[in-house]
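Reviewing the structure listed below.
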There are 2 protein chains.
Amino acid sequence: MSHHTAAITDVVAYMDQLGQQARAASATLRRLDTARKNAALLATAAQLEQARPRLLAANEADLVRGRENGLDAALLDRLALTDARIDAMIEGLHQVAALPDPVGEVDGLRYRPSGIQVGQMRVPLGVIGIIYESRPNVTVEAASLCLKSGNACILRGGSEARDSNAAIAACLQAGLAEAGVPEAAVQVVATTDRAAVGRLIAMPEYVDVIIPRGGKSLIERITREARVPVIKHLDGVCHVYIDATADRDKALAIALNAKTHRYGTCNTMETLLVDAALAAELLPRLAAAYAEHHVELRGCPRTREILPQAVEASEEDWHAEYLAPVLAIRVVDGIDAAMAHIERYGSQHTDAIVTEQYALARRFMAEVDSSSVIVNASTRFADGFEYGLGAEIGISTDKLHARGPVGLEGLTTRKYVVFGDGHIRE
Amino acid sequence: MSHHTAAITDVVAYMDQLGQQARAASATLRRLDTARKNAALLATAAQLEQARPRLLAANEADLVRGRENGLDAALLDRLALTDARIDAMIEGLHQVAALPDPVGEVDGLRYRPSGIQVGQMRVPLGVIGIIYESRPNVTVEAASLCLKSGNACILRGGSEARDSNAAIAACLQAGLAEAGVPEAAVQVVATTDRAAVGRLIAMPEYVDVIIPRGGKSLIERITREARVPVIKHLDGVCHVYIDATADRDKALAIALNAKTHRYGTCNTMETLLVDAALAAELLPRLAAAYAEHHVELRGCPRTREILPQAVEASEEDWHAEYLAPVLAIRVVDGIDAAMAHIERYGSQHTDAIVTEQYALARRFMAEVDSSSVIVNASTRFADGFEYGLGAEIGISTDKLHARGPVGLEGLTTRKYVVFGDGHIRE
């Protein structure tokens, strides 16, 4: 399977062919009934189950090559398939099959004074291009969400996972074929040539939207060069603001959970803002709790008056997405200063307030312009599963189309439907 | 007022300043209550009323210059302000003030198994750049919709309307000031230098979305060069398909209305598809009706067998948006051939079927991928006012974010709101 690439000499022509095939498949997928889409998902799950030895062998080839190429331990970990990870892929397919089909749902159908009825019907976007890095399980996740939402997809995984992705692609093709779904519904790009990405993001005639998943530099480059709309995730510089009116125990629990539940996720708190009226009382208790988790604290001067052990925070710290056991702490004078800090340094991802005062909660909710705004709960809840989307293709930090966690609905759009009985405009 | 432009030498610096001011104003607008936004709209209406002589004088200066520059009659007509058109602008402001405020509306708030409540709150996009051509009333329309939806806007009208737009801008500024709304909520670009457009569409740090309104070449250029998302309208190649199961009288009325109600609008039918089983019976009646309206008919060979007076249609006719009393007619074999034609030649704007058969209506509704899909009514209904949006900034032929007529809701986005009581993730 790793030799597919040898035959592809004209990358642009190859990508155009994938695009044409995807566009043709999308016309069929658009009208495919829910039962058949679910059948394809479950057939793919069965194929993965049968293909375990082949998947593990293909992954081993990727891992061997990765070690030879000097990939670091974190990258090798993301690349590795294990029986547990194959279980999770199979379970994911069953979960997506069990989700309601968003396609065809009609909202707001009502009569107009002219006598026509007007509503909006949810329909697939068409063709989705997904560009991702080392984790091969993304191949199954992305394919399953696109299929369930009636979209064709073109998947471009990382070159380091090429054998794993090819083995997974074979399972997907078999599953689609078994259910009678066009095989071009899911196409995995079979070349590691980087020109394939350049073409994928620049063919609006075949591709309706690009979803890049990966490091910031990848996403910035794709956003800059894409000729089609991009749904993307950039930074997650998330804040928790603890107001003087906060319940102390809730504040401690939330501030600890938001930082230490997981360090590497985009909804992890990176900066803690503490009301000056509460700082002297609360910061020592918080610092003791963080010390147990070996979290490095970086504070503003007022923080360091209370916590001399904290490192002095620089301007960069307020912009930083550490993704690590490091926390910036700033003492602020009330909610206005907290919101001003978030406005200036935040990334509009997820921001939370801890307060028992109704008016402050109401203001924070209305005024903070982030994809998730939270009162009295951990930022870690900003997640498609926790929000009840059932699945998540990513968390969008864009404002248009999809903002925050993106599930099946974010992979659809709405057209107007009009029902008349010979109505004409006068 | 026409001398503003003399002072602007560094266009990029000037546009950056507008951008910064708009960004700052948007933070205030986001949290502005409905009453104050409405007050600004009504104060602007009063300002326009008082400024009638100044508006007409400024417009006269534009018209004189336009005639000197050899603008054609259609362009001069679009450019002209009359008392009736000023009335319509004033009435429009009252209508937008009367619309419900979309900002802050929360959908789907429900408890999750974790105990948190999650919903989605409608919020402004931020800063909107609007680029348009000769009609000065767009200045008021665009400003009022952006203001009501809580967005700051930067408006770039056509150079031919510069004096009219400056006079209208003065009324807007006075209206905003009177209501205590930041004047940078609405900024009219005071230079006709084309570099201003180039900068406006390339400053994502200040502008969240660009809405171009105008000819196709303007829109294509902006889409190609923009560094921020664009909500746009391209072609309206709209179809009516008359099935053999259609009620003849409804079919005649709809086909006539869809073509002849107005020729220059994007939702006007450009191609009529007639089921072969019905063509010999219906086409002569239709041709007689079109003849009364002096509509030129261009037909496929099967059409011309029935209507020899029709011109022979070329391949370009199926792609054409005539915006004129010209109609392409094709005889097709049933709904599948009709939908295949629409898929191939349509612009995904608005397409209608005329049928009395439930199953055909249901299929057309589900399978045609256009922003408006219509059963038994004229394509001319595809319009924000007819759909009940109350106002319309344009009709989007994009799929992402806003599809079809775009009103206040299309100028907003939704953020997630989470209410907890000390909840943390386990």
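The values are calculated or read from the model by the stated rules, or taken from the named source; none is laboratory data. All values reported here derive from a predicted model rather than from experimental measurement. FYI the Cβ positions are ideal-geometry reconstructions off the backbone, even for glycines, and counts take in every protein chain you see. For the accessible areas, the whole protein counts, side chains as well, though only heavy atoms, and no ligand, DNA or RNA atoms are used. Shrake-Rupley method; radii C 1.70, N 1.55, O 1.52, S 1.80 Å.
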With every protein chain kept in the model, how would you rank A:Glu281, B:Glu68 by accessible area, 1.4 Å probe, largest at the top?
-> B:Glu68, A:Glu281
For chain A, find the longest principal axis of its Cα atoms and tell me its angle to the long axis of helix A:11-30, 0 to 90°, nearest 10.
-> 90 degrees
Please state the charge dipole magnitude for the range B:238-381, taken about the Cα centre, from unit charges on C-beta atoms (+1 on K and R, -1 on D and E), reported in debye and rounded to the nearest 20.
-> 340 debye
Can you work out ³J(HN,Hα) from phi for every residue in the range A:257-269, in order, using Karplus 6.51 cos²θ - 1.76 cosθ + 1.60 and θ = phi - 60°, giving whole Hz and x for Gly and Pro?
-> 5, 5, 8, 9, 4, 8, 8, x, 9, 6, 9, 6, 5
Computed on Cα atoms only, the convex hull of the range B:201-317 has an orientation-averaged projected area in nm² of 9.1 nm²
For chain B, longest principal axis from Cα atoms; helix B:137-148 axis from its Cα atoms; angle between them, nearest 10 degrees, is 70 degrees
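When the gyration tensor of the range A:294-352 is built from Cα positions, what are the square roots of 5 times its three eigenvalues, in whole Å, from largest to smallest?
On the way: eigenvalues 70, 47, 17 Å².
Three semi-axes, in Å: 19, 15, 9.
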Between the label point of A:Arg65 and that of the same position in each other copy, find the distances and list them shortest first in nm, with every label point placed 7 Å from Cα along the Cα-to-C-beta direction.
-> 6.3
Return the whole-Å distance between the Cα centroid of the range B:120-176 and the Cα centroid of the range A:37-109.
-> 49 Å
Can you list the HN-Hα couplings for the range A:310-316, worked out from phi with the Karplus curve (6.51, -1.76, 1.60; θ = phi - 60°), rounded to whole Hz and with x for Gly and Pro?
-> 6, 5, 6, 7, 9, 3, 4
Within chain B, the percent of DSSP beta bridges that are antiparallel, given to the nearest 5, stands at 30 percent
Residues whose placed amide H lies under 5 Å from that of B:Val417, excluding near-sequence neighbours = A:Val373, B:Gly119, B:Gln120, B:Met121
Let me see the pair-distance distribution of the range B:238-381: every alpha carbon pair, 5 Å bin width, integer percents in order.
-> 2, 12, 23, 27, 23, 11, 3, 0
Relative to the longest principal axis of chain B, what angle (0 to 90°, nearest 10) does the C-alpha long axis of helix B:83-98 take?
-> 80 degrees
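For the range B:49-202, report the convex hull volume of the alpha-carbon atoms normalised per residue, in Å³, without decimals. Before the final figure, lay out each step's value.
Details: hull volume 21.8 nm³, N = 154.
Taking only Cα atoms, the range B:49-202 has a hull volume of 142 Å³ per residue.
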homo-copy label distances at B:Pro100 (7 angstrom along Cα-Cβ), nm, one dp, ascending, are 2.0
Which whole-number percent of Cα pairs in the range B:176-234 have a distance greater than 15 Å?
-> 57 percent
Write down the radius of gyration of the range B:159-260 and its Dmax, each obtained from C-alpha positions, in Å.
-> 21.0, 61
Hey, got the dipole for chain A? About the Cα centre, +1 on K and R Cβ, -1 on D and E Cβ, debye to the nearest 20?
-> 1040 debye
Over chain A, cysteine residues that find no other Cys C-beta under 4.7 Å are A:Cys171, A:Cys238, A:Cys266, A:Cys300
Any idea which of A:Gln120, A:Tyr263, A:Pro229 is furthest toward the positive side of the dipole for chain A, if Lys and Arg beta-carbons carry +1 and Asp and Glu beta-carbons -1?
-> A:Gln120
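Averaged across the residues of B:252-259, what count of C-beta atoms belonging to other chains lies within 10 Å of each residue's C-beta?
On the way: counts 1, 3, 4, 1, 1, 5, 2, 0.
Partner Cβ neighbours, averaged per residue: 2.
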Taking the axis that carries chain A onto chain B, what is the nearest Cβ in chain A, and at how many Å, to the whole number?
-> A:His401, 2
Reduced to Cα centres, the span from the range B:180-218 to the range A:227-250 in Å works out to 30 Å
Expressed in angstrom and ordered largest first, the alpha-carbon extents of the range B:12-115 along the principal axes are 70, 36, 26
Inter-copy distances for A:Ala35, nm, shortest first, label points 7 Å along Cα→Cβ, are 5.8
Given the convex hull of the Cα atoms of chain A, what is a quarter of its surface area in nm²?
-> 24.7 nm²
Amide H neighbours of B:Cys153 under 5 Å, counting only residues 5+ apart in sequence or on other chains, H built in-plane at 1.01 Å?
-> B:Ile128, B:Val186, B:Gln187
Average partner chain C-beta neighbours within 10 Å, per residue of A:363-375?
-> 5
Radius of gyration and Dmax over the Cα atoms of the protein assembly as shown, both given in Å | 28.9, 94
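Under the definition of partner shielding as Cβ atoms of other protein chains within 10 Å of a residue Cβ, what is the mean value for peptide B:112-118?
Values: counts 5, 2, 5, 1, 8, 2, 10.
The mean count of partner-chain Cβ atoms within 10 Å per residue comes to 5.
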Violations at 29 Å Cα threshold for listed pairs B:Lys148/B:Lys250; A:Lys250/B:Lys37; B:Lys216/B:Lys259; B:Lys259/B:Lys399; A:Lys216/B:Lys148 -> B:Lys148/B:Lys250; A:Lys250/B:Lys37; A:Lys216/B:Lys148
Return the long-range amide H neighbours of B:His349 (sequence gap of 5 or more, or a different chain), with a cut-off of under 5 Å between placed amide H atoms.
-> B:Val237, B:Ser371
Ordering of B:45-58, A:204-217, B:390-403, B:139-152 by packing [mean C-beta count within 10 Å, highest first] | B:139-152, B:390-403, A:204-217, B:45-58
How far is the Cα center of the range A:399-426 from the Cα center of the range B:291-311, in Å?
-> 36 Å
